[in-house]
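Shown next, in structure tokens, is the structure this report addresses.
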Amino acid sequence: MDNDLRFEPVTPERWSDFEALFGPQGAFYNCWCVALRLPHAVRTKMAAEERKAHMRERIETGPPPGILCYAGGGPVAWVQVGPRLDVPQFNSPRTVSRPLEEGDAHNPSIWAVSCFFLLPALRGKGMSHRLLAGAIEHARRGGARFLEACPIDHVKQSKSVTLCIGSTAIFDAAGFEMVARRKDGRPLMRLELRD
């Protein structure tokens, strides 16, 4: 499958692929990847269709909020990756993912990789490493100077919802370094992207 993987920014033309990948459940429990885009109080009052519509509008507005991974002609995975300012809840002062410096949240050269979703059949096969590599390349092409993440140290069950934020091990393997630890098991990690 490695040679068959293709990464593409999710654009309005690829909405149907995004929708098909997320399926009738909207990825994890009808999230539609809005958890880091909307405050909890707002998001939890929204119906699943409203969350889906919010994400569709975000994709139509552009720029692409992440990348789709294709294999065998169809979409098999998604990575939310883009400037920190595009995921406001990632920057909330109350979260473990909050920026190191106040201005980082609005610095267009500081990006975040904040969510992964892949088809269940691909889990546990090292796919997350390949998805992260695709996200790093996308950030580099987009002009990012730093790429940050706030993964989780241990995931006990492979179907855990926490898989959407990624395991620390995949970020370690990709060269990310811990820059802060505000909570046990949740390091803020950063990769400097050089030319």
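The values are calculated or read from the model by the stated rules, or taken from the named source; none is laboratory data. Just so we're clear, the structure is a prediction, and the values are computed from it rather than from any experiment. Using ideal geometry, Cβ is built from the backbone for each residue, glycine included, and neighbour counts are taken over all protein chains shown.
Here the condition is being of a type in the set (D, E, K, R) and modelled with pLDDT under 95; of 17, 2, it holds for 2 alone. Counting the residues of region 7-35 that are on the phi > 0 side of the Ramachandran plot, in a loop (DSSP other than H, G, I, E, B) and surrounded by fewer than 19 Cβ atoms within 10 Å (Cβ to Cβ) gives 1.
Meeting the requirement of 2 or more residues that are without any contact (Cβ under 8 Å) to a residue 60 or more places away in the chain, the strands (runs of 3 or more DSSP E) wholly within region 36-124 are 74-83, 110-118.
Kindly evaluate residue 135 against the criterion of being surrounded by 15 or more Cβ atoms within 10 Å (Cβ to Cβ) and at pLDDT 90 or above. If you could, list the steps in order and put the result at the bottom.
On the way: surrounded by 15 or more Cβ atoms within 10 Å (Cβ to Cβ): yes; at pLDDT 90 or above: yes.
Answer is yes for this residue.
Would you point out which residue out of 142, 103, 72 is under 30 Å from residue 4 (Cβ atoms), out of contact with any strand residue (DSSP E or B) (no Cβ under 6 Å at 6 or more places or on another chain) and either basic (Lys, Arg) or surrounded by fewer than 14 Cβ atoms within 10 Å (Cβ to Cβ) (or both)? Explain how you work it out, then say what you get.
Details: 142 fails: either basic (Lys, Arg) or surrounded by fewer than 14 Cβ atoms within 10 Å (Cβ to Cβ) (or both); 103 fails: under 30 Å from residue 4 (Cβ atoms).
Only one candidate passes the filter, namely 72.
Name every residue in region 77-90 that is surrounded by fewer than 22 Cβ atoms within 10 Å (Cβ to Cβ), in contact with a helix residue (DSSP H, G or I) (Cβ under 7 Å, 6 or more places away or on another chain) and modelled with pLDDT of 95 or more, in order of residue number.
Start the filter on region 77-90 by keeping residues that are surrounded by fewer than 22 Cβ atoms within 10 Å (Cβ to Cβ), which leaves 83, 85-86, 88-89.
In the following step, the residues that additionally are in contact with a helix residue (DSSP H, G or I) (Cβ under 7 Å, 6 or more places away or on another chain) were identified as 85.
Of everything in region 77-90, nothing turns out to be surrounded by fewer than 22 Cβ atoms within 10 Å (Cβ to Cβ), in contact with a helix residue (DSSP H, G or I) (Cβ under 7 Å, 6 or more places away or on another chain) and modelled with pLDDT of 95 or more.
When the criteria are applied in full, residue 7 fails the requirement of being at pLDDT below 95, aromatic (Phe, Trp, Tyr) and under 17 Å from the mean Cα position of the chain (by Cα).
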